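Peer 1: Got a structure for you, written out below as structure tokens; questions coming shortly.
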Amino acid sequence: MQALIQIEKLNLFYGAFHALKNVSLEIPQRAITAFIGPSGCGKSTLLRTLNRMNDMIQGTRIEGKIEIGGTDIYSGDVHVETLRKKVGMVFQQPNPFPKSIYDNVAYGPRLHGIRGKKQLDEIVENSLKAAALWDEVKDHLKRSALSLSGGQQQRLCIARALAVEPDILLMDEATSALDPISTLKIEELAQELKDKYTIVMVTHNMHQAARVSHQTVFFLNGEVVEYSDTEKLFSDPSDQRTEDYISGRFG
Amino acid sequence: MSQPSKAAANSFGKRNGRAAALDRIFTGLVWGIGALVILFICGLLFLLLKNGLPKLTWDFLYGLPSEIEEGGGIGPALFNSFYLLFISLVISIPLGMAAGIYLAEFAPDNRLIGLIRICVEGLSSVPSIIFGLFGIALFVEMFQIGLTILGGAVSLAFLNLPVLTRVTEESIRSVPVELKNASFALGSTHLQTIRRVLIPVALSGIVTGICLTAGRAFGESAVIILTAGVTTSGEMWDFNLFSPGETLAVHLWYVQSEAIVPDAQEIAQKATSVLIFVVLLINLVFRVPLWFNSRKTKG
């Protein structure tokens, strides 16, 4: 598999705090890569460097290089808006806008200049279908997104992210606020989406990483401890710390 | 653990402790005080409206005031009230919202901004007569244009500006950061996020602020007396910005304290009821679109 994202010797500081230490990773295209590790290990921070959401936190400093498709995303001529269009994100808490279902999905395309009603209708339908939500909401697209259940809201957020046609989908503990059945639906959805999108997910749930992902990265204190195929990492970890973590001895 | 009381029919019967009694007393107290306050407000409204409202006629609302004989109207004063309010809002809403958005979204977190914030907060509770004196200094002394609608409207705008700035800032700040993140993560620019997410979500709070300031401006007298005067041009529909701009609230004060017309008392009562009615109306007019909006957005 071809690497889409290449991270080289990445160091990230929040003020004086050294949050990511010398991280180097290659994340393959059209597959699911899971970041696991205890709270505060830097996995979410790394995820947020990929669409530069860390830019908004004052006092963040970055050294090293992140290339997506061969382009250094921190170089001066990269527009962060264009980057984020290509690198979508789904958050821990479902965060639909207090607008209608339709307007939520159409929000992104409208930002990027799509105005035609027919075109928007098509994008909304396709995105909701891709997020496996269409059948549940097709008859009341004008209803408020807040009337949906938590799991539906999260799938709406996925649809909203897909509507701007990203290459990469970042999922930041996207199921941790959901019930088991909704979680399962999102996991199945991720399995379907991986054929078209490169998915990077941060998860607290090791079983989820084992169930869903192809590669797993284990973080500890801002460092990558182990990175390998998911099957190998969970059955035959090469580092003692990984073994301790996945067997539940800490974290 | 206390012993269950004898009256309890089963083991989950009523707790018979001090906490339960206090809880009931407290609930009763809150209900009682609430009812009392509502009763008081309704009584007050009734008292103020009962003498004026039934006697209102179109002639009174539309007619010219009279200096000596009875039967004078409040036409020009009422018109000036709306005209001044409108101009002051046209000035203060864009400026106040812009300043509030700046403070909430763009201002760096340093001491200067902290100081500015304290100043805005202070200004929003300064007595209105101070703004009137400022208006005199600016328009009467410096620009020498006398007591005018323009001077009154701008001074009113100054009076409202700090409140609108604060309300906007607080409303924008209270928009959940998750929504902001969602917008940015879809590749929006800062302006797009402000226009499409922050302002729409904060709108209810901002409109409440506009309502409050509009009501206050409509009933304001000190600023107007000092900057727009206690006379009107004596004509209806006088849009001239340089005419004297007595408003309804000022007229009310004027007929009660200075006027020599025999029916001053009645004019005051009727003007009071008009004033209250319009302030209630302003609130309603601003709120109705919000109700529709929230029906659309809430689950």
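The values are calculated or read from the model by the stated rules, or taken from the named source; none is laboratory data. Treat the numbers as computed from the prediction; the structure is a model and nothing was measured. Positions of Cβ are backbone-derived with ideal geometry, glycine not excepted, and every protein chain shown enters the neighbour counts. What goes into the accessible areas is simple: the full protein's heavy atoms, side chains included, and nothing from ligands, DNA or RNA. Shrake-Rupley method; radii C 1.70, N 1.55, O 1.52, S 1.80 Å.
Peer 1: What distance in nm separates the simple spin-label points at A:ASP135 and B:LEU29, each placed 7 Å from Cα in the Cβ direction?
Peer 2: 5.8
Peer 1: Per-residue mean of other chain beta-carbon atoms within 10 angstrom of the beta-carbon, peptide A:44-53?
Peer 2: Working: counts 0, 0, 0, 0, 2, 0, 0, 3, 2, 3.
Partner-chain Cβ atoms within 10 Å, mean over residues of A:44-53: 1.
Peer 1: Just to make sure I understand: if all protein chains stay in place, what is the order of B:SER66, B:SER155 by accessible area at 1.4 Å, largest first? Show your work: numbers first, answer last.
Peer 2: Details: B:SER66 40, B:SER155 0 Å².
So, going from the largest accessible area down, we get B:SER66, B:SER155.
Peer 1: Test of understanding: what is the full-extension gain from B:PHE286 to B:LEU64, defined as 0.36 nm times their sequence separation minus their Cα-Cα distance? Intermediate results must be reported in sequence, preceding the final value.
Peer 2: Values: separation 222, 0.36 × 222 = 79.92 nm, distance 2.93 nm.
Between B:PHE286 and B:LEU64, full extension yields an extra 77.0 nm.
Peer 1: For the pairs A:LYS99/A:LYS196; A:LYS86/A:LYS118; A:LYS85/B:LYS180; A:LYS196/A:LYS232; A:LYS118/A:LYS194; A:LYS65/B:LYS180, flag any whose C-alpha to C-alpha distance is greater than 20 Å. All intermediate terms of the calculation are to be shown ahead of the outcome.
Peer 2: Working: A:LYS99/A:LYS196 28 Å; A:LYS86/A:LYS118 23 Å; A:LYS85/B:LYS180 15 Å; A:LYS196/A:LYS232 25 Å; A:LYS118/A:LYS194 28 Å; A:LYS65/B:LYS180 27 Å.
Check vs 20 Å cut-off fails for A:LYS99/A:LYS196; A:LYS86/A:LYS118; A:LYS196/A:LYS232; A:LYS118/A:LYS194; A:LYS65/B:LYS180.
Peer 1: How much length, in nm to one decimal, is gained on full extension between A:ARG249 and A:ASP77, taken as 0.36 nm per residue of separation minus their Cα-Cα distance? Mind dumping the intermediate values first?
Peer 2: Values: separation 172, 0.36 × 172 = 61.92 nm, distance 4.58 nm.
Answer, rounded to one decimal: 57.3 nm.
Peer 1: So what's the back-of-envelope 222 nm ellipticity for chain B, counting only DSSP H runs of four-plus at -39500 (n - 2.57) apiece and dividing by all residues, rounded to 500? Before the final figure, lay out each step's value.
Peer 2: Details: 12 runs with 195 residues, N = 299.
Theoretical 222 nm ellipticity from helices: -21500 deg cm²/dmol.
Peer 1: Right, something else. Which FRET efficiency, nearest 0.05, do B:ALA21 and B:SER204 yield, Cβ-Cβ r, R0 45 Å?
Peer 2: On the way: r = 40 Å, r/R0 = 0.88.
Computed FRET efficiency for B:ALA21 and B:SER204 comes out at 0.70.
Peer 1: A further question on this structure: On a C-alpha basis, how far is the centre of segment A:188-251 from the centre of segment A:1-69 in Å? Whole number, if you could?
Peer 2: Cα centroid of segment A:188-251 versus Cα centroid of segment A:1-69: 16 Å apart.
Peer 1: Below 19 Å, Cα to Cα, which lysines can B:LYS50 reach? Residues fewer than 8 away in the same chain don't count.
Peer 2: B:LYS270
Peer 1: Hey, can you rank B:264-270, A:93-99 by average C-beta count inside 10 Å, highest first? Walk me through the intermediate numbers first.
Peer 2: Working: B:264-270: 19.6, A:93-99: 22.3.
Put in order of decreasing packing, that is A:93-99, B:264-270.
Peer 1: Calculate the FRET efficiency for B:ARG117 and A:ARG115 from the Cβ-Cβ distance with a Förster distance of 41 Å, rounded to the nearest 0.05.
Peer 2: Numbers: r = 39 Å, r/R0 = 0.96.
The computed FRET efficiency comes out at 0.55.
Peer 1: Quick check: pseudo-label points 7 Å beyond the Cα along Cα→Cβ at B:ILE129 and A:LEU184, how many nm apart are they?
Peer 2: So the label points at B:ILE129 and A:LEU184 sit 7.4 nm apart.
Peer 1: In the full protein assembly as shown, how much of A:HIS140 is accessible to a 1.4 Å probe, in Å² to the nearest 10?
Peer 2: Using a 1.4 Å probe on the heavy atoms, I get roughly 60 Å².
Peer 1: Determine the relative contact order of segment A:158-251: mean sequence separation of Cα pairs under 8 Å and six or more apart, normalised by residue count, in whole percent. Don't skip to the end; give the middle numbers.
Peer 2: Details: 88 pairs, mean separation 18.8, N = 94.
Computed over segment A:158-251, the figure is 20 percent.
Peer 1: Given labels modelled 7 Å from the Cα in the Cβ direction, how far is it in nm from B:PHE12 to A:LYS142?
Peer 2: 4.5
Peer 1: Another question, then. Provide the gained length on full extension for the span B:ARG195 to B:ASN51, in nm with one decimal, where the gain is 0.36 nm per separating residue minus the Cα-Cα distance. Please report the intermediate quantities before stating the final value.
Peer 2: Numbers: separation 144, 0.36 × 144 = 51.84 nm, distance 4.71 nm.
Between B:ARG195 and B:ASN51, full extension yields an extra 47.1 nm.
Peer 1: For the protein assembly as shown, compute the orientation-averaged projected area of the C-alpha convex hull (one quarter of its surface), in nm². Could you put the intermediate results ahead of the total?
Peer 2: Numbers: hull surface 152.1 nm².
About 38.0 nm², averaged over all directions.
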